[in-house]
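Asks: Before we start, here is the structure in question, set down as C-alpha cells.
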Amino acid sequence: MSELLISRPSDPADLVIAGARVLDPRGDLDRAGDVVVRGGEIAEISAPGSAPEIEGAEVVDGEGMLVTPAFVDPHVHFRVPGQEHKEDLQTGTRAAAAGGYCAVIAMANTSPPIDSASVLGSVRELAEREAAVPTGFVATVSRGMDGEELSEMAELRDAGAAGFSDDGLPVASARLLRRALQYQRLAGGVIALHEEDPSLSGDGVMHEGEVSAMLGLAAIPSLSETTMIARDCSLALHEKAAIHVQHLSARSSVEAIAAAKAAGVRVSCEATPHHLVLTDEAVRSLDARFKMNPPLRAEDDRLALIDGLRDGTIDCVATDHAPHALEEKEVPFEQAAMGVTGLETAFAVLHTDLVLSGTLPLELIVERMTAGGEPFEIAAPRIEPGAEANLALINPNLEWTVGADGYESRSENSCFAGRELTGRVLMTVAGGSVAYRQRSFAMGVAG
Ligand SMILES: [Zn+2]
Ligand SMILES: [Zn+2]
C-alpha cells in the first residue's frame, strides 16, 4: 500500500471467496461474485460459481457474507515502546486484524515518545518482526512532547514517519505549531492534531453539560476543542500546510471544519465510533469505561457528527484505540485513565447502531472506514483486478456479545463490553496475506 507501512513477512494468499456480496463503494461495485486472490493479489471478481480452480487455494463459502475492502485506521495507540503491559505490536495489530483492518497508524505518545530517528527506527524494525497488519508510525511534533521545541521533522520524515502528532496532548503553542506547519509544507507528512485548549479543559473529566452539572464533576467544554480547531485552521491556511483534526466530538467543531474546508484550508478530520453512537448520558453510571478525551458529548453533538460523516465534512472513521490496564480503570471516575479500546468493535458498532437502524447506508460506513489512510497519502484499499488483496470478510447477520470470548487486544477497556452487536469480521486479508481468522470460522483447502 505504501512504504510508510510495515508488517512482518507472511505468505501471500491464494484464496477464493465464493458467492459473497462484494462491495467496494469507490468502484460502484456491489454484486454477488467470487473474489479470486492469487499470490496476494486480486486476480478477478467472477460471476458466482464461475471462479477458476486454483491448485492449493483455500475456498471460502461466502454465501450470505459480505466482502469489503479492509479498513484503515488513522489513529491507534500501541504503547510501544514502554507500556507493553497495555499493548504491543503483536496484540495491537492482532486486534486490528480482528476488526477487519489492513492498515493502522500508531501514535507517538509512547515512553519514550517517538521523537527521534532512533526511536522511530526501532519501532519500525519491531513492526517488521511483529506486526500482523501493515503499520505506520507518526513521530512527535515537539521534542519529548514538551510542547516547546520542534522535533527534527525533516529527519524523521526521511526515517519513515507517516506524519506528525503530539496526540494525547494538544500543541498548545500557536508559535510552535506555526513553525511545525512551515516544516510540514517542505517535508510532507500531515500534522495530526488533538485539539484542546488546556486552559479551557482544566482538570475536567467529562463533557460540560447537564450531566456534569448533575454529577458535580469538573468538565471539558466543547469550546476547548472548537476554538483550537479554528486557530489551527487559520494557521494552516496561512502556511498553506496540511492538518488532520483527530477525534472530532462537538457540533461546533463540525461547523468549524466545514467553514475551514469551504475557505480552502487543507484540513481533513476523523470521528470515532464511540462519539458517533454514545453520549454523556453513559457517564451517569460513573463507569470509567466511558471516560476518554475528548469526552462523550451531548446528543445534539452526536447527531452533528453523523451529519458530518454523511456529508463528507468528516473524512474518515478512527478508533483512537487506547488500551489501558485494569488498575487504571478500576478506580473512581475522576482518577481513571482516559481512553478506550476500539479496533475489534468499530465495524460491528457502526453496523448495529447506524446501518441497521437506517441512519446511514452500509456503503457510506465502508467508504469512511477505508479512507483513514488518505490524510497520510496512503490510498484506500480497493477490490479490483491487479490490486493488492486487502479484504474484510464479514458475516453481517452474526450476533455476538462484546468481550464474551475475550479480546485480541491485551487490554479490555472497551466502552462496548457486554453489548450485543450484529455483524462480525470472520477473516481479514491485509497486505496480500491472511492476517486473521475468527475462531469459530473453519478453513477449507481445495486442490
Ligand atoms: Zn487525542
Ligand atoms: Zn489518541
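None of the figures in this text is laboratory data; all of them are computed from the coordinates on show. As the structure is a computational prediction, the values presented were derived from the model and not from experiment. Ideal geometry is used to build each Cβ from the backbone, glycine not excepted, and the neighbour counts take in all protein chains shown.
Asks: Would you be so kind as to identify which of V254, L356, N397 lies farthest towards the positive end of the dipole of the chain, taking Lys and Arg as +1 and Asp and Glu as -1 on Cβ and the Cα centre as origin?
Replies: Of the options given, the answer is V254.
Asks: Quantify how much of the Cα-Cα distance distribution of the chain extends past 43 Å, in percent.
Replies: 9 percent
Asks: Given H placed on each backbone N at 1.01 Å, which residues far from E41 in sequence or on other chains put an amide H within less than 5 Å of it?
Replies: A389
Asks: I've got another one for you. Report the one residue of A103, L66, Q90 whose Cα lies farthest in the direction of the positive end of the charge dipole of segment 66-134 (charges on C-beta: Lys and Arg +1, Asp and Glu -1; origin at the Cα centre).
Replies: Of A103, L66, Q90, it is L66.
Asks: Then there is this: What is the gain in length, in nm to one decimal, between R231 and E63 on full extension, counting 0.36 nm per residue of separation less the C-alpha to C-alpha distance?
Replies: Net length gain for the segment: 55.4 nm.
Asks: To continue, here is another question. Tell me, what HN-Hα J-couplings in whole Hz come from the Karplus equation 6.51 cos²θ - 1.76 cosθ + 1.60 at θ = phi - 60° for each residue of segment 377-390, using x for Gly and Pro?
Replies: For segment 377-390, the Karplus-derived couplings read 6, 10, 5, 5, x, 10, 9, 7, x, x, 7, 4, 6, 9 Hz, x marking Gly and Pro.
Asks: By how many nm would the segment from A404 to M338 lengthen if fully extended, with 0.36 nm per residue of separation less the alpha-carbon distance?
Replies: Full extension of this stretch gives 21.4 nm more.
Asks: In whole Hz and in residue order, list the ³J(HN,Hα) couplings for segment 421-426 that follow from phi through the Karplus curve 6.51 cos²θ - 1.76 cosθ + 1.60, θ = phi - 60°; x for Gly and Pro.
Replies: For segment 421-426, the Karplus-derived couplings read 10, 10, x, 9, 6, 9 Hz, x marking Gly and Pro.
Asks: Can you give the percent of C-alpha pairs in segment 342-447 whose distance is more than 16 Å?
Replies: 65 percent
Asks: Stretched out fully, how many nm does the piece from E55 to R175 gain, at 0.36 nm a residue minus the Cα gap?
Replies: Contour length minus Cα-Cα distance gives 37.1 nm.
Asks: In addition: Calculate the length of the line joining the C-alpha centroid of segment 1-70 to that of segment 211-244, in whole Å.
Replies: Cα centroid of segment 1-70 versus Cα centroid of segment 211-244: 42 Å apart.
Asks: Based on alpha-carbon atoms only, what is the radius of gyration of segment 106-264 relative to the globular estimate 2.2 N^0.38 Å?
Replies: Here the Cα radius of gyration is 1.11 times the empirical estimate.
Asks: Quick one: which of 115-123, 221-229 comes out on top by average Cβ neighbours within 10 Å, and what's the full order, highest first?
Replies: 221-229, 115-123
Asks: Still on this structure, please answer the following. Quick one: dipole size for segment 119-265, taken about the Cα centre, charges +1 on Lys/Arg Cβ and -1 on Asp/Glu Cβ, in debye to the nearest 20.
Replies: Roughly 560 debye for segment 119-265.
Asks: While we're looking at this one, here's another question. Mind checking which aspartates and glutamates have their C-alpha under 16 Å from K240, skipping anything on the same chain fewer than 8 residues away?
Replies: D232
Asks: Please work out the Kirkwood hydrodynamic radius for segment 167-208, using every pair of different C-alpha atoms, and report it in angstroms with one decimal place.
Replies: For segment 167-208, the Kirkwood estimate is 11.8 Å.
Asks: What number comes out for the charge environment of D287, summing +1 per Lys or Arg and -1 per Asp or Glu over other residues with Cβ under 11 Å away?
Replies: My count for the surroundings of D287 gives +3.
Asks: Then there is this: Find the Cα radius of gyration of segment 3-68, compare it with 2.2 N^0.38 Å by division, and give the number to two decimals.
Replies: Against the compact-globule rule of thumb, the ratio is 1.19.
Asks: Separate question: Could you order the peptides 42-48, 12-18 from most to least packed, using the average number of other C-beta atoms within 10 Å per residue?
Replies: Listed from highest to lowest mean packing, they are 12-18, 42-48.
Asks: Moving to a separate point now. Defining a contact as two alpha carbons under 8 Å apart and six or more residues distant in sequence, what relative contact order in percent does segment 1-43 show?
Replies: Across segment 1-43, relative contact order equals 37 percent.
Asks: While we're here: Highest mean first, what order results for 336-342, 156-162 on Cβ atoms within 10 Å?
Replies: Packing proxy ranking, top to bottom: 336-342, 156-162.
Asks: Between D203 and D158, take the C-beta separation as r, use R0 = 45 Å, and let me know the FRET efficiency to the nearest 0.05.
Replies: According to the calculation, E is roughly 0.70.
Asks: Calculate the FRET efficiency for E148 and L356 from the Cβ-Cβ distance with a Förster distance of 56 Å, rounded to the nearest 0.05.
Replies: Computed FRET efficiency for E148 and L356 comes out at 0.70.
Asks: Does a label point 7 Å from the Cα of E128, set along Cα-to-beta-carbon, have any residues of segment 1-44 with amide nitrogen under 19 Å, and which are they?
Replies: Once the point is set 7 Å along Cα→Cβ of E128, 1-12 turn out to lie under 19 Å by backbone N, inside segment 1-44.
Asks: Efficiency by 1/(1 + (r/R0)^6): what FRET value for A32 and E384, r their Cβ-Cβ distance, R0 = 22 Å, to the nearest 0.05?
Replies: 0.85
Asks: List every DSSP H helix in the chain whose Cα atoms extend 15 Å or more along the helix's own long axis and whose mean Kyte-Doolittle hydropathy is at least -1.0.
Replies: Qualifying helices: 117-130, 174-187, 222-239, 251-262, 299-311.
Asks: Another question, then. Size of the dipole of segment 273-431 about the Cα centre, Lys and Arg at +1 and Asp and Glu at -1 on the beta carbon, nothing else charged, in debye to 20?
Replies: With only Lys, Arg, Asp and Glu charged at Cβ, the dipole is about 160 debye.
Asks: Taking every alpha carbon pair in segment 1-40, what does the distance histogram look like in 10 angstrom bins from 0, in percent?
Replies: 24, 36, 34, 6
Asks: Please list, in chain and number order, the residues 5+ apart from G136 or on another chain whose amide H is under 5 Å from its amide H, with Hs placed from the backbone.
Replies: Distant-sequence amide H within range of G136: I6, V104, I105, A106.
Asks: While we're here: By count of other Cβ within 10 Å, fewest leading, how are K86, K329, K240 ordered?
Replies: Ascending Cβ contact count within 10 Å gives the list K240, K329, K86.
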